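Participant: Got a structure for you, questions after.
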Amino acid sequence: MKLKYFLVLLLSLFIEHLTFNLTYATVRFVSKSGSSTPPYTSWETASDSIQKCINLCVNGDTIYVANGVYKENLVIDSISINLFGSSIDSTIIDGIGLNNTTIFFNYSNSIIEGFNIIGAGLGISSRGIILKNQPIIVKNCRISNAETGIGTIGVSAGISAYNLILNEVGWGIAPFNDSKNVISNCLININKIYGDAIHMGGPNPNSIHLITNNIILYTGPQHVIEMGIYCGYPGKVYIYNNLINGFSENIYIDGMEDTAFIKNNVLTGAGAGLFSDPTSITNNVVFNNNNIGIINNSVFNNSDYNIFWKNNSNFYMITAYGDSDLIADPMFVKDTIPTANGNYDFHLQAFSPGIDKGDPNILDFDGSRSDIGMYGGPFGETYTYHDLAPKPPKNLSAIVDSNYILVKWNKNTEADTAYYKVYRDTVSGFTIDSTKLVSSPKDTFFVQVNPHNVRRYVYKVTCVDKQGNESKPSTELVVNITSVFTNDYPMTISDYILYQNYPNPFNPSTKIGYQLKSGGYVKLMVYDIKGELVSVLVNKEQNAGYYEVEFNVGNGLPSVPDIPGLASGIYLYRIEVIGAGRIPVYTEMKKMLLIK
């Protein structure tokens with residue numbers, strides 16, 4: 001049986017397990033404007049209280065609730081009902097200032113849909129929804145202002161959660177020891193320290209968890225032990241097509257009884273993207289994690305057909321990549337850091353290395369070979385791959401020598417990068433056009449002869465892909481022929497550099513430039529050709545950035561001591577940078593020529 005059809009069958013079995021034989025004996029109504037005449041069987045005779053209506057219900061009843069703010073706690077005790085609100089925004093159950101549990105399903109396998117559920121508050125043992133010993137279905141609801149969005153007491157038969165928005169919660173969905181859970185197409189935003197978005201407690205070797213198509217974010221203070229998805233000692237886990245960002249561990253599988261299948265997810269911005277016991281890890285993009293992409297907990301994890309990008313370390317306790325794992329820019333449409341209302345888009349661009357490069361045994365929704373990432377596989381979607389322009393080149397820098405100007409920048413990482421365009425003018429803020437184009441190199445540098453009649457140049461660089469799409473221009477780099485500065489047009493300092501002095505040869509003074517990637521204790525010294533110390537130009541702590549210092553052999557400047565009597569010839573200048581923990585991080589030495 002192909003995986004696509006197996007998963008569809010599995011999902012249908014879950015739904016069948018959690019769907020109840022309700023007789024829909026009576027339809028009742030709740031409205032702030034009703035006459036409150038029992039048994040509340042019309043809008044005109046509707047109850048003004050949800051709990052009053054619940055108290056009249058028997059198994060199989062359905063309650064419709066009109067828009068309004070209902071300041072009450074609800075207890076559904078030993079009956080199965082369907083509870084439908086009119087609007088996720090405007091049908092509000094407000095538990096602020098009331099008991100810690102806003103809605104309690106006690107031995108009640110029910111359905112609740114279409115409400116804005118407000119808990120009693122963060123920082124206390126408040127729960128938006130709690131259920132005991134029976135399964136429930138929660139659909140199309142918003143849950144906020146609760147320490148736990150949805151939780152359980154005892155061993156319940158499971159939660160089915162669809163299309164939920166959980167925000168301003170400490171813990172999202174936290175069933176304990178449940179046999180079967182389905183969590184699909186939910187947005188869960190954890191913004192409180194020590195909170196997990198989905199916490200499947202255990203142990204239960206018969207449990208099965210299906211977690212698909214969710215956006216799971218941590219946007220609180222600096223994370224300590226929060227987890228995006230935690231499953232403790234489960235039977236089987238299926239985690240497909242989720243975006244998970246910012247947790248201490250985005251996915252943590254502990255003590256597997258069988259296997260966790262983790263496929264077609266995007267895991268980003270975490271201490272560890274995945275920390276797991278026996279796991280099949282396929283078709284995921286693990287990128288931009290603060291620390292480690294995947295940690296092997298106890299036994300070998302099967303990792304293959306994944307993309308790793310911009311992780312400090314891709315693996316820990318795993319000895320090798322899968323044969324089809326890739327280390328490459330996935331080329332997302334917009335790979336900004338996900339936030340609750342952020343402008344990010346993790347669809348793949350045209351020419352992404354992840355298109356049709358997933359496990360060939362897994363098919364996309366349209367029947368083609370699976371893409372890598374959160375929109376591939378049978379739970380993904382069909383969409384148009386947009387051919388976007390590359391990103392602007394970054395980190396422009398320049399070295400000014402007596403004979404040339406060298407402009408450099410970082411290499412673009414898009415798979416379809418073709419070449420660059422270098423534009424030049426003498427004024428800041430210029431508009432790029434063909435009259436300003438001076439070079440179209442394939443490499444990431446441009447060299448021009450140092451002119452005699454121009455004292456200032458301004459550079460911009462663009463990237464062009466193989467289809468001819470040109471990026472927006474880079475940040476301007478302003479170059480004075482007597483100095484390089486970025487005060488008005490800052491650039492990212494990405495390395496330690498000691499520049500060639502200018503002018504060179506010199507008499508009586510020259511300037512020496514250097515940049516620091518990070519702050520440290522800096523010493524800049526000048527030696528003669530015999531190695532004897534001539535002058536200490538810098539000897540102090542400095543922050544990251546670009547610096548220039550003047551070496552003067554005798555023009556009377558009060559800021560720099562004169563060094564009279566130096567003969568013409570070659571001199572050496574040397575920099576030392578001592579970083580944190582008194583550890584040397586950079587040393588370099590260059591030559592300069594004094595001519596009298």
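Participant: (1) within 21 Å of SER313 (Cβ to Cβ); (2) touching a residue at least 40 places away in the same chain (Cβ under 8 Å); (3) buried (at least 24 other Cβ atoms within 10 Å of the Cβ): which one isn't true of GLY269, the others all being true?
Facilitator: Among (1) within 21 Å of SER313 (Cβ to Cβ); (2) touching a residue at least 40 places away in the same chain (Cβ under 8 Å); (3) buried (at least 24 other Cβ atoms within 10 Å of the Cβ), GLY269 violates only (3).
Participant: If I ask for residues that are without any contact (Cβ under 8 Å) to a residue 60 or more places away in the chain and part of a loop (DSSP other than H, G, I, E, B), which ones from the range 315-336 would you list?
Facilitator: Those that are without any contact (Cβ under 8 Å) to a residue 60 or more places away in the chain and part of a loop (DSSP other than H, G, I, E, B): MET317, ILE318, THR319, ALA320, TYR321, GLY322, ASP323, SER324, ASP325, PRO330, ASP335, THR336.
Participant: Among the residues of the range 412-449, how many are aliphatic (A, V, I, L, M), in contact (Cβ under 8 Å) with a residue 24 or more places away in the chain and within 30 Å of PHE351 (Cα to Cα)?
Facilitator: Total meeting the criteria: 4.
Participant: Just one of the numbered conditions (1) surrounded by fewer than 23 Cβ atoms within 10 Å (Cβ to Cβ); (2) modelled with pLDDT under 90; (3) in contact with a Cys (Cβ under 8 Å, 6 or more places away or on another chain) is not true of SER248; which one?
Facilitator: Tallying (1) surrounded by fewer than 23 Cβ atoms within 10 Å (Cβ to Cβ); (2) modelled with pLDDT under 90; (3) in contact with a Cys (Cβ under 8 Å, 6 or more places away or on another chain), SER248 fails exactly one: (3).
Participant: Sticking with this one: Mind checking which residues of the range 384-397 are open to solvent by less than 40 Å² (accessible area, probe 1.4 Å) and either within 17 Å of ALA350 (Cβ to Cβ) or of a type in the set (Ser, Thr, Tyr) (or both)?
Facilitator: Scanning the range 384-397 gives PRO390, SER397.
Participant: Of these, ASN206, ASN296, which one is over 29 Å from ASP356 (Cβ atoms) and modelled with pLDDT under 90?
Facilitator: ASN206
Participant: Tell me yes or no: at least one residue of the range 523-531 is open to solvent by less than 20 Å² (accessible area, probe 1.4 Å), within 16 Å of VAL585 (Cβ to Cβ) and assigned to a strand (DSSP E or B).
Facilitator: Yes, because at least one residue in the range 523-531 is open to solvent by less than 20 Å² (accessible area, probe 1.4 Å), within 16 Å of VAL585 (Cβ to Cβ) and assigned to a strand (DSSP E or B).
Participant: Looking at ILE92, ILE129, ILE124 in this structure, which one is assigned to a strand (DSSP E or B), surrounded by fewer than 21 Cβ atoms within 10 Å (Cβ to Cβ) and out of contact with any Leu (no Cβ under 7 Å at 6 or more places or on another chain)?
Facilitator: ILE92
Participant: Hey, among VAL400, VAL458, which residue is open to solvent by less than 30 Å² (accessible area, probe 1.4 Å), within 30 Å of LEU594 (Cα to Cα) and in contact with an Asp or Glu (Cβ under 7 Å, 6 or more places away or on another chain)?
Facilitator: Working: VAL400 fails: in contact with an Asp or Glu (Cβ under 7 Å, 6 or more places away or on another chain).
Answer to the check: VAL458.
Participant: Restricting to the range 166-210, and then to whatever is β-branched (Val, Ile, Thr) and in contact with a Pro (Cβ under 8 Å, 6 or more places away or on another chain), can you tell me which residue is nearest to PHE379 (Cα to Cα)?
Facilitator: Among residues in the range 166-210 that are β-branched (Val, Ile, Thr) and in contact with a Pro (Cβ under 8 Å, 6 or more places away or on another chain), the one nearest to PHE379 (Cα to Cα) is ILE208.
Participant: SER370 versus (1) under 30 Å from ASN167 (Cα atoms); (2) among the polar types (S, T, N, Q); (3) buried (at least 20 other Cβ atoms within 10 Å of the Cβ): which is the lone unmet condition?
Facilitator: Result: SER370 passes all but (1).
Participant: If you don't mind, there's one more thing I want to ask. What number of residues within the range 337-385 satisfy the criterion of being within 27 Å of ALA270 (Cα to Cα) and in a strand (DSSP E or B)?
Facilitator: So the answer is 4.
The values are calculated or read from the model by the stated rules, or taken from the named source; none is laboratory data. Keep in mind that what you see is a predicted model, and the values were worked out from it rather than measured. Virtual Cβ from ideal backbone geometry, glycine too; neighbours counted across all protein chains shown. Areas reflect the complete protein model, heavy atoms only, side chains present, ligands, DNA and RNA absent. Shrake-Rupley method; radii C 1.70, N 1.55, O 1.52, S 1.80 Å.
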